[in-house]
Number of protein chains: 4
Amino acid sequence: MVGINKRRVRIGMIGHRFMGKVHSHAYRDLPFFFDLPVEPVLSDLAGRNEEELKAAADAMGWASYETDWRRLVERDDIDVIDIVTPNNTHAEMAIAAAEAGKHVICEKPLALSVSEAERMLEAVRKAGTVHMICHNYRFAPAVQYVKRLIEEGRLGRIYHIRAQYLQDWIMDPSFPLVWRLKKEVSGSGALGDIGSHILDLARFLVGEMDEVTGMMKTFIQERPLGEMSGGLNARTDRERSGQVDVDDAVAVMARFQNGALGVFEATRFAGGNRNGNRFEINGEKGSVRWDLENMNHLQVYFTEDEAGLQGFRTINCTEDVHPYAGAYWPPGHIIGYEHTFINLLAEFMRGIAGETAPTPDFEDGLQNQRVLEAVEESARTGTWVKVSRPGSLTGQ
Amino acid sequence: MVGINKRRVRIGMIGHRFMGKVHSHAYRDLPFFFDLPVEPVLSDLAGRNEEELKAAADAMGWASYETDWRRLVERDDIDVIDIVTPNNTHAEMAIAAAEAGKHVICEKPLALSVSEAERMLEAVRKAGTVHMICHNYRFAPAVQYVKRLIEEGRLGRIYHIRAQYLQDWIMDPSFPLVWRLKKEVSGSGALGDIGSHILDLARFLVGEMDEVTGMMKTFIQERPLGEMSGGLNARTDRERSGQVDVDDAVAVMARFQNGALGVFEATRFAGGNRNGNRFEINGEKGSVRWDLENMNHLQVYFTEDEAGLQGFRTINCTEDVHPYAGAYWPPGHIIGYEHTFINLLAEFMRGIAGETAPTPDFEDGLQNQRVLEAVEESARTGTWVKVSRPGSLTGQ
Amino acid sequence: MVGINKRRVRIGMIGHRFMGKVHSHAYRDLPFFFDLPVEPVLSDLAGRNEEELKAAADAMGWASYETDWRRLVERDDIDVIDIVTPNNTHAEMAIAAAEAGKHVICEKPLALSVSEAERMLEAVRKAGTVHMICHNYRFAPAVQYVKRLIEEGRLGRIYHIRAQYLQDWIMDPSFPLVWRLKKEVSGSGALGDIGSHILDLARFLVGEMDEVTGMMKTFIQERPLGEMSGGLNARTDRERSGQVDVDDAVAVMARFQNGALGVFEATRFAGGNRNGNRFEINGEKGSVRWDLENMNHLQVYFTEDEAGLQGFRTINCTEDVHPYAGAYWPPGHIIGYEHTFINLLAEFMRGIAGETAPTPDFEDGLQNQRVLEAVEESARTGTWVKVSRPGSLTGQ
Amino acid sequence: MVGINKRRVRIGMIGHRFMGKVHSHAYRDLPFFFDLPVEPVLSDLAGRNEEELKAAADAMGWASYETDWRRLVERDDIDVIDIVTPNNTHAEMAIAAAEAGKHVICEKPLALSVSEAERMLEAVRKAGTVHMICHNYRFAPAVQYVKRLIEEGRLGRIYHIRAQYLQDWIMDPSFPLVWRLKKEVSGSGALGDIGSHILDLARFLVGEMDEVTGMMKTFIQERPLGEMSGGLNARTDRERSGQVDVDDAVAVMARFQNGALGVFEATRFAGGNRNGNRFEINGEKGSVRWDLENMNHLQVYFTEDEAGLQGFRTINCTEDVHPYAGAYWPPGHIIGYEHTFINLLAEFMRGIAGETAPTPDFEDGLQNQRVLEAVEESARTGTWVKVSRPGSLTGQ
């Protein structure tokens, strides 16, 4: 068997829809592609709707299931709590898991507020367990390779990052008021759901932001009630409607501590962009461009290339030299969305095995939350808002 | 002969470098491609350096030249004054030209300030002559076609415009302090030079802005002295240096009167982007994307395309149905940068012939100036700034 | 467990390197993504080098292993023989497997010759078991979608197919003489290895060929000895060298039975093309373009699109309406190379469950072999060569 | 005036439609962009339909016109005969022009046959005047830059060229039987009209071909009568129809003298490709890709680029270092189709001034004709046909 004789890391996962499927698959594929010191085991799956939960557990290969997530946290034979539920449940679950001595991995955004996020970070620090937040796009080989180029100084001083996360799945006004469109459940709209990803990529690649100013907008303010039904699909109640109280779109300008400028945009109203998570970074010595919809390719430009031969190179990041790519197929044989999670979970497992202190962790999640909150405040006040420095909790 | 027996429109142009070459060429090509009621004649060219001026007049086919631009304005046998000089001279020249009863065409940005721009508009209104500002990118066939699509409602309600004008010609810190980097001559840096173009395109395609907030930055604050020497090249004085007092980069967020959101960025520090004037517009029924470096192609997406077959269409805007394209070559035979000026000047000539009231005119120039000034104020104050409504002058 | 209570289909696989890894992974992922009537089980893996074999079996999750493939064929508790060994072994193994009553799936090209392929087809027909050949690129959602468009008449009469399979992994003259470069083992070079894929896609999408003419070339005729070491990498013996007796590159012109023209090129000497499997098909009513390196995207053009809005649409084939895409992630979340095999094996399992008669099968493999052999003959003789009609064996 | 005091080169042009417009424009623009030792003058235009001819002469700025081209050849005050008429007239006109001591420039293909082409070459050699054939695509800056890269050995030994010239302007079966579809007037169809261009580019960039084999096809064999009416448009006679006796599409495989392989395709039935003149060349050290519809951009790949950073660079060939680009606009300001002719005619003028011996000349035209004739013969016989070596005439 794959992973035979390896230490088993028993996973308990709370939630079983889109992200539950993604995580379950990644755990299953992980030992096939990576030779890790530990082996993840799909032990226990928690959810509220027993019928759907049982079907999901069967379909995805979980050994058991629980209709009360607290039971899962209480189990002695669970090492990891993986939280893939709506955002308003993250804090309670993560804190309970940490208090039970579990390693914790949580979907983004970490919480509904900075104060929740701080309590979560406190809890995992106190527990001394491994913690991660699922900003999976950091783990595309092309993105990791950009990180390496920047760290090696290949782009020089960074002048600009411009990033967009453009989607179009709720443009139809008859698309219902699912949880992602309710503030009490999701905290925010495009900002927390997809804006958080590009702001995290910016922190990862360019550094911390000093101050931000944001603009938020809800284009469609009333929608029929309804709920998610798998992936990004939804079921609609045609009789009743409700108010959308989160942003359909958000834009952000940022000044980074290192002097770089950032311009960000996240929207669910950019027709034709199914999942357009894109960025361009310009530095003194070079530039890079990336787009999730064509995630294996990276464009790289070097200022010092020979005159006449200067141009963006389109690189298929499937060579052994590209981070994580060697785990998969030969050059030119592309990987997809799911592999970003496999790579992320490989780091999580290495962390649990004591080999590394994997990031992004809850500290990153907290700092991301601080940026999100600063954006919201600036959108409300119309002014620039300082982003608190990372490193210490507010109360300390 | 081309244009034989047509009414001759005698041009006097002030300035003879990059833009002087572009305009001269366009006037020369105009009658070849367009059957217009009037014919432009390259009558008189003005400049200060007689040696360079004479060489330019010879090389570009001007009948005569003047070392004092005022002589040109005074001539009775000149119908049009075309101003392609640095920005700090536009107001004086345009006003003098208007007062002498000339038609006036002026490079962008119109002026150094809103008050200058207002005086210019007053002057041409009083003169009753035809006036235009050279926002030439409006005249790419693809851009005109976008205008038509939007006017016909093919994109529906507009949600977003995001536009960038990315260049990299002054990234080298040893590139000198040319006039475009001096506030007293140019008014601003990237903002007025290239930002003004994308803000004009936004006004043209999406409508007027209600308020803006901007961020400006000068990455390289000291440079050797020097001057432009043709195109975007420069001569450097290696002994002396000076302070750059304009922006190297600017970003703007805008709220439009019609509810759309705008995100703009103009920079001369985006390595690898020689002339990356790009925009994407997302509407309720469709989206468009355009990039000047590949200006013949337009990408168009329709929300209502058949399921499974939805995607951005890459359209080569060289068909007869695309504005201005029929004047040139058969489908698939592309045109270039210079043709945007030929198209613009065709409209100017039609205006002079009394057929149309061509735009963009000084009113557009003024309104653009108001946006630029609001961006500068917001960058200074860190707050959102309202953009004055077009239609009337401040003093009226 | 995934697939609990389902009928188990016990796989015995011969070979464990690049293709072995791909198939193993696909079997493992299959029940996660597809709700099939049967469940594949990784029962037994065969290979010659026991050390490598054992390591591979462990790493990929096979329950047992055999150093003699014949043992695997003899086992009663094996339902399927999956052949991923070099081409010169396919015929013997497949025939033995069929005679033992197994379902058989075999990597491409099916055999070294038409006569081998005919014997293989005879054997599986006689056995009455399910058989497939692994032309996996048929199973990219975009390719299946092209098939559907053509079948529905959306492209009308087909005029052209031009396809290239461009690679560059052996361009370095010091790359060794691995089995893929030896005629006795591989049958041919680029022709059988990658040319067979695009010729299969052409048969799948456009139909049968009437006649072909080919050109073959070996650019580097002597190489150091060596062997494959995983993926497309190799180990080199620097002391000894040998003659390359297969083609480095091949080009083919074809006339199809339906009147279409085909132009094909397969080469391992196209620098910069890691895995450039590309085709364009032009029909009376539309055209399509596809490229494996960006396999989720399909370009589609319709002749009858509105004037001015005609252009290739770039479609991200990740919608539910695109074949197989619904099994994976929401729109815009791309899949990769490995998923073509998962999709192919889903069809194989459905065939074993009696639901379908999956293709491409050995009949396709034989017909592909006939095309390959006609190409080789034409390259030798310099004339056009008729391709035998499919449907019956030579000896019948 | 532009060109004042320069030696005037008086042009007499025969023909005034699509190509007549292109040449006329190029002569007019030439002195504006290039500082040449001579200045072209649009002296006399010949055609048969006086009404259309007069209108064309007026619109394009010709000083006079003649309804009999022979009058033009007889004039003492004409230095150059420029032939832009249908192919069946080239030989007679060019020979008459040469015999009258004129410089001769002729549209492609040079003639209807190798024997005609040989007589044309003999005539200009005997006259000792300057001669060129208008393979204008050689003169795109990107193509010239490829030539330089190859000559400098930057691509190393050439392995492959694959080129397509794909159009779609006659796909509609109701498009009429214009002269380009009649063998007696045009000699061949797609082969001579557009195939000749890519075969010329192959000769220019890769070298001479040793042997070829071709495939030709006429998809629509009967069409209504009609004639060209400007550009690639046509007027149709709906009552009468006729047989198409030229190829709608042609494909060619070639072996070059230097060992490279060529694969070519020219068709007017590739829907969505308005003017898709594309090539890719693969050499030992690098590859290039070019596409006329995006002609300012060149893609270049170098085998020896650093691992991880290998990829095709997209180069905007508008820098001073790119051939001819410096004559136009600053980097990033693109040029178009018409500029290829301006560049070509600049070389013609330099030739007439005695500065250079410009190519492609009639020798190239003859050699191209030999390739075309070999393709036609091979398509007829189904075998490979040797291409006669250039350098001497058959009869010598």
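For D:F175, only one of the following conditions fails: (1) within 13 Å of chain C (Cβ to nearest Cβ); (2) assigned to a helix (DSSP H, G or I). What is its number? Against the list (1) within 13 Å of chain C (Cβ to nearest Cβ); (2) assigned to a helix (DSSP H, G or I), D:F175 comes up short only on (2). Selection within segment C:338-362: residues that are within 17 Å of C:D82 (Cα to Cα) and among the acidic types (D, E). The member of this set that is farthest from the other protein chains (Cβ to nearest Cβ) is C:D361. If you go through segment A:28-78 and keep only what is within 20 Å of C:A26 (Cβ to Cβ), small (G, A, S) and touching a strand residue (DSSP E or B) at 6+ places or on another chain (Cβ under 6 Å), you end up with just A:G61.
The residues in segment C:219-251 that are basic (K, R) and surrounded by 19 or more Cβ atoms within 10 Å (Cβ to Cβ) can be counted, and the count is 1. Can D:D200 be described as under 15 Å from the mean Cα position of the chain (by Cα), surrounded by 17 or more Cβ atoms within 10 Å (Cβ to Cβ) and at pLDDT 95 or above? Yes: the conditions hold for D:D200.
Report yes if C:L366 is in contact (Cβ under 8 Å) with a residue 24 or more places away in the chain, on the phi < 0 side of the Ramachandran plot, surrounded by 16 or more Cβ atoms within 10 Å (Cβ to Cβ) and not β-branched (V, I, T), otherwise no. Spelling it out, C:L366 is indeed in contact (Cβ under 8 Å) with a residue 24 or more places away in the chain, on the phi < 0 side of the Ramachandran plot, surrounded by 16 or more Cβ atoms within 10 Å (Cβ to Cβ) and not β-branched (V, I, T). Give C:A94, C:A59, C:A63, C:A100 a once-over and let me know the one that is of a type in the set (G, A, S) and within 30 Å of C:V246 (Cα to Cα). Criteria check complete, one pass: C:A94. If you filter segment A:272-284 down to residues that are within 9 Å of chain C (Cβ to nearest Cβ) and not polar (S, T, N, Q), you find that the one that is surrounded by the fewest Cβ atoms within 10 Å (Cβ to Cβ) is A:G276.
Say whether the condition of being more than 29 Å from B:K182 (Cα to Cα), modelled with pLDDT under 95, surrounded by fewer than 17 Cβ atoms within 10 Å (Cβ to Cβ) and within 14 Å of another protein chain (Cβ to nearest Cβ) is met by at least one residue in segment B:16-37. Scanning segment B:16-37, I find at least one residue that is more than 29 Å from B:K182 (Cα to Cα), modelled with pLDDT under 95, surrounded by fewer than 17 Cβ atoms within 10 Å (Cβ to Cβ) and within 14 Å of another protein chain (Cβ to nearest Cβ), so the answer is yes.
Check segment C:213-232 and report whether any residue there is over 22 Å from C:H339 (Cα atoms), assigned to a helix (DSSP H, G or I) and assigned by TED's automatic domain parsing to the domain that holds C:A325. No, segment C:213-232 contains no residue that is over 22 Å from C:H339 (Cα atoms), assigned to a helix (DSSP H, G or I) and assigned by TED's automatic domain parsing to the domain that holds C:A325. Is it the case that some residue within segment B:152-165 is of a type in the set (K, R), in the same structural domain as B:V22 (by TED's automatic domain parsing) and surrounded by 22 or more Cβ atoms within 10 Å (Cβ to Cβ)? No, segment B:152-165 contains no residue that is of a type in the set (K, R), in the same structural domain as B:V22 (by TED's automatic domain parsing) and surrounded by 22 or more Cβ atoms within 10 Å (Cβ to Cβ).
Any chance segment D:16-24 includes a residue that's under 25 Å from D:N233 (Cα atoms), among the polar types (S, T, N, Q), in contact with a helix residue (DSSP H, G or I) (Cβ under 7 Å, 6 or more places away or on another chain) and part of a helix (DSSP H, G or I)? Yes, segment D:16-24 contains a residue that is under 25 Å from D:N233 (Cα atoms), among the polar types (S, T, N, Q), in contact with a helix residue (DSSP H, G or I) (Cβ under 7 Å, 6 or more places away or on another chain) and part of a helix (DSSP H, G or I).
One line per residue, one yes/no per condition, for (1) at pLDDT 95 or above; (2) charged (D, E, K, R); (3) part of a helix (DSSP H, G or I); (4) closer than 19 Å to C:M132 by Cα:
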position	(1), (2), (3), (4)
C:N5	no, no, no, no
C:G12	yes, no, no, yes
C:V73	yes, no, yes, yes
C:H90	yes, no, yes, yes
C:G101	yes, no, no, yes
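Once segment C:285-298 is narrowed to residues that are at the interface with another protein chain (Cβ under 7 Å from one of its Cβ atoms) and touching a residue at least 24 places away in the same chain (Cβ under 8 Å), the residue that is surrounded by the fewest Cβ atoms within 10 Å (Cβ to Cβ) is C:G286. If the condition is being within 18 Å of D:R274 (Cβ to Cβ) and aliphatic (A, V, I, L, M), then segment D:167-187 contributes D:I170, D:M171, D:V178. When restricted to residues that are in contact (Cβ under 8 Å) with a residue 60 or more places away in the chain and either crowded, with 20+ Cβ neighbours inside 10 Å or at positive phi (or both), segment D:340-360 contains 13.
Selection of segment A:48-62 for residues being within 21 Å of C:A327 (Cβ to Cβ) and not in a helix (DSSP H, G or I) yields A:G61, A:W62.
Count of segment D:24-33 residues, restricted to those that are hydrophobic (A, V, I, L, M, F, W, C) and more than 21 Å from the chain's Cα centre (by Cα), is 2.
Out of A:I315, A:I335, one residue alone is within 8 Å of another protein chain (Cβ to nearest Cβ), among the hydrophobic types (A, V, I, L, M, F, W, C), touching a residue at least 12 places away in the same chain (Cβ under 8 Å) and assigned to a strand (DSSP E or B). It is A:I315. State whether the residues of segment C:125-135 include one that is surrounded by fewer than 24 Cβ atoms within 10 Å (Cβ to Cβ), over 14 Å from the mean Cα position of the chain (by Cα) and closer than 27 Å to D:T267 by Cα. The answer is no, given that none of the residues of segment C:125-135 is surrounded by fewer than 24 Cβ atoms within 10 Å (Cβ to Cβ), over 14 Å from the mean Cα position of the chain (by Cα) and closer than 27 Å to D:T267 by Cα.
Scanning segment C:118-171 for residues that are hydroxyl-bearing (S, T, Y) and in contact (Cβ under 8 Å) with a residue 60 or more places away in the chain returns C:Y137, C:Y145, C:Y159, C:Y165.
The values are calculated or read from the model by the stated rules, or taken from the named source; none is laboratory data. Here the structure is a predicted model, which is why all the values come from computation and not from measurement. Here the Cβ is made from the backbone with ideal geometry for all residues, glycine too, and neighbour counts use every protein chain on show.
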